[in-house]
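Contents: one structure, followed by commentary.
Laboratory data are not the source of any read-out in this text; all were calculated from the coordinates shown. Predicted model only: the values in this text are computed from it and were never measured. Positions of Cβ are generated from backbone atoms using ideal geometry, with glycine treated the same way; all protein chains shown enter the neighbour counts.
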There are 6 protein chains.
Amino acid sequence: MAEDRYQKGLEKIKELTSADDENPTGFMDIGERFADIAPDLTKYVVEFAFGDIYARPGLDNKQKVLTTITALVAQGKPQIEMHIKTGLSVGLTPNEIVGCIMHLIPYTGFPSVLNALTAAKKVFAEQGVSVTPTEES
Amino acid sequence: MAEDRYQKGLEKIKELTSADDENPTGFMDIGERFADIAPDLTKYVVEFAFGDIYARPGLDNKQKVLTTITALVAQGKPQIEMHIKTGLSVGLTPNEIVGCIMHLIPYTGFPSVLNALTAAKKVFAEQGVSVTPTEES
Amino acid sequence: MAEDRYQKGLEKIKELTSADDENPTGFMDIGERFADIAPDLTKYVVEFAFGDIYARPGLDNKQKVLTTITALVAQGKPQIEMHIKTGLSVGLTPNEIVGCIMHLIPYTGFPSVLNALTAAKKVFAEQGVSVTPTEES
Amino acid sequence: MAEDRYQKGLEKIKELTSADDENPTGFMDIGERFADIAPDLTKYVVEFAFGDIYARPGLDNKQKVLTTITALVAQGKPQIEMHIKTGLSVGLTPNEIVGCIMHLIPYTGFPSVLNALTAAKKVFAEQGVSVTPTEES
Amino acid sequence: MAEDRYQKGLEKIKELTSADDENPTGFMDIGERFADIAPDLTKYVVEFAFGDIYARPGLDNKQKVLTTITALVAQGKPQIEMHIKTGLSVGLTPNEIVGCIMHLIPYTGFPSVLNALTAAKKVFAEQGVSVTPTEES
Amino acid sequence: MAEDRYQKGLEKIKELTSADDENPTGFMDIGERFADIAPDLTKYVVEFAFGDIYARPGLDNKQKVLTTITALVAQGKPQIEMHIKTGLSVGLTPNEIVGCIMHLIPYTGFPSVLNALTAAKKVFAEQGVSVTPTEES
């Protein structure tokens, strides 16, 4: 059963990152580099964060990643880069990702948004994603 | 033109709150109670937050409110109640709202989530919304 | 196995709260009041927060609760009251709890500390705990 | 010398609160209600916060209180009420206090500002202060 | 009218940064590097943050920048460097800027203050500003 | 008497860092690099943070550093590295330090914990500390 949760988490990560069988966790940081000091961390990341929470019903993957990106903008965490990658991977358009960050100006203020756009721009460049901003209505 | 932005903001608020012509800003707090000390506040809320930002293209209304709710969970702000109401008004299901809050456990921790669920439960009760949680997959 | 984690979590809670068999989760808030809107929340609290994390080796219970209280002071969360109760239950002295809060002045500033002391004083009064502050060395 | 710092702190508080000899700490919360659990707290508040920091050269009292109010808006702390009182006491006009809070919209977002204006309005009412907002230039 | 707000914002920035006609936005980051992904960002920065908020009456420019620097210390945002430059440009003395940062010790704790002083020291060195700390009274 | 507090603070720092007489403040950052812009900062760090607060009774040194590390994880401050060094110096085992950071997952979320483990791993490597994680019970 615990193995089930780990397996379920790995499959969720594979789904989120469009990973293949050779590198099944894709670009997702599951904390394996801490195996020497906190060998149970990866288990919690995979089983709990992905096997339990990301696998919950209620939101689709796009909504889940949008929610994740928003939380990381509000907290100013560097993990936002990885989750912008995940957003692209699950099918959020660059416009939706930028739209989410821009929407936060009245809630988190401009500095948080500028820092998040820097991360977005970097990821878009790395991924070779070209952005065609929607015309303002 | 400034009048246009104010008008555009009011229409956005009306759309978000399903308000009618008699009470065009619905349940949205646009800060009118501060007219005596900060008479320009309501202008900024309506023109900037709603006329500029909420009216941006890129995200649909459901995504915009999901993003707003997430930011308010991460920051622990009491405005979350009003925006959960907005969520219901634009068509987010109670399951989507709860799903958004629950999804944040690995990012904001349990206490923020418990406090947000308290707000959600209160709003659902006030609005007479019955919740049928999706079965876990 | 999942049942094992749930059972392990419940036993940890019982240990932390000195609960008896009639009310095995004692005064710990495990989110049961959200069963109607988020029926899986209690499972995550019991299995993950208590069955996985609180059950980890490395720190003893006193250290775990000290760490929890500190995080809640830094974040300004109302859950601090419940965890001050837990602190007393696992054997932290009132002086240690106050010592922890006072130690944070140079890191979180005075307002956070004043708010946390208000919570501590309330819990000490409810529990009938008398405090004999250690003389300053 | 330590007595000097305490005395210096008390005089600073008297100056900030326009207190008289009968109630020399005026409306300032120096934490005396925690004498039973943290008897050294008041000493740190008076000696360090007021005797050392508030007594520093570099800023005048108006600037010091403006800085304090801003920090409390950014952090969402309830102590903002007391420091708005202090602001009025050292000669900040209600317009300056509101101006400070409103100026923060692009940095902290609207919800923090709305919550701070609620505190300002309450204090202005309690103090019978009438506000004549400056015309927008 | 919208053009008016943009123009008003640009003039405010010119005033704040002592910019000349060749580089009218001076050293202020108005987000132009995001024109490819968020082409409306610069408009919001110039029109709203500077044309609306910085142009409000109530505080003078020195007070506005003092308030901005304080918010950025409390939030730990890297934009503090740019706003320390703005502070010098509008006539805040290095002592006032340091005084503001030091005043925050009792509210944000030492680590936030040390990080802000690192930014201040860097800007002072870049600008060739020599600091003569006021003697303690 | 003030000299006493400074001396008391220096001795506390020496005790915390296992410093010798040649470099009595060891690896502790007491802000001496800001002597040119904020000459009184080091006095406040030594006298107040160490002479007053770290010298308080109530907690032993291990508990004090555990509390400090926790606050810095919750706030995401870079000073965590220095205080992990202090933790090792006062006798916290690497397992206790990792245990404290891992314990925070349910309170601060995974990203804060991953960032803190990165700091811990760096310090452990610099100090040549080998970690033998306790087996999970």
FRET efficiency for B:Ala35 and F:Tyr6, using Cβ-Cβ distance with R0 set to 45 Å, rounded to 0.05: 0.25
Closest approach to the A/F rotation axis among chain A Cβ atoms, residue and whole-Å value: A:Gly76, 4
Hey, any idea what the orientation-averaged projected area of the convex hull of chain B's Cα atoms comes to, in nm²? 9.7
For E:Thr118, place a label point 7 Å out from Cα along the Cα→Cβ vector, do the same in each other copy, and report the separations in nm, one decimal, smallest first. 1.4, 1.4, 3.4, 3.6, 3.6
Determine the dipole magnitude for chain A: charges of +1 sit on the beta-carbon of Lys and Arg, -1 on that of Asp and Glu, nothing else is charged, the reference point is the Cα centre, and the result goes in debye to the nearest 20. 400
Farthest toward positive dipole pole in chain C [+1 Lys/Arg, -1 Asp/Glu at C-beta], among C:Phe110, C:Gly99, C:Ile69: C:Phe110
Checked against a 26 Å limit on the C-alpha separation, the offending pairs among D:Lys121/E:Lys85; A:Lys77/F:Lys122; D:Lys14/F:Lys8; A:Lys121/E:Lys14; A:Lys85/C:Lys43 are D:Lys121/E:Lys85; D:Lys14/F:Lys8; A:Lys121/E:Lys14; A:Lys85/C:Lys43
When the dipole is taken about the Cα centre of the stretch B:60-131, and only Lys, Arg (+1) and Asp, Glu (-1) are charged at their Cβ, what size is it in debye, to the nearest 20? 80
If you line up the long axis of helix E:94-103 against the longest principal axis of chain E, both from Cα atoms, how many degrees apart are they, to the nearest 10? 70
I'd like the distance between the alpha-carbon centres of the stretch B:83-130 and the stretch A:14-64, rounded to an integer number of Å. 24
Dipole magnitude of the protein assembly as shown about its Cα centre, charges +1 at Lys/Arg Cβ and -1 at Asp/Glu Cβ only, in debye to the nearest 20? 0
Model label zone, C:Thr118; criterion: amide N under 18 Å from point 7 Å along Cα-to-beta-carbon; scope the stretch D:101-120: D:115-120
Here the correct list, in nm and shortest first, of distances from B:Glu11 to the same site in the other copies, label points 7 Å along Cα→Cβ, is 3.0, 4.8, 6.5, 6.5, 7.5
Calculated label separations, C:Thr93, copies of the chain, 7 Å along the beta-carbon direction, nm: 2.5, 5.0, 5.6, 5.6, 6.5
Isotropically averaged projected area of the stretch E:90-137, using the convex hull of Cα atoms (one quarter of hull area), nm²: 3.8
Per residue of the stretch E:19-33, what does 6.51 cos²θ - 1.76 cosθ + 1.60 with θ = phi - 60° give for ³J(HN,Hα)? Whole Hz please, x for Gly and Pro, Karplus curve as stated. 6, 9, 5, 6, 10, x, 9, x, 8, 6, 7, 9, x, 5, 5
With everything on Cα atoms, drop me the angle between helix A:80-90 and the longest principal axis of chain A, reported from 0 to 90° to the nearest 10. 80
Net charge contributed by nearby residues that have their C-beta within less than 12 Å of D:Ile69 (K/R +1, D/E -1): +2
Does anyone have the angle between helix E:110-126 and the longest principal axis of chain E? Alpha-carbon axes, 0 to 90°, nearest 10? 70
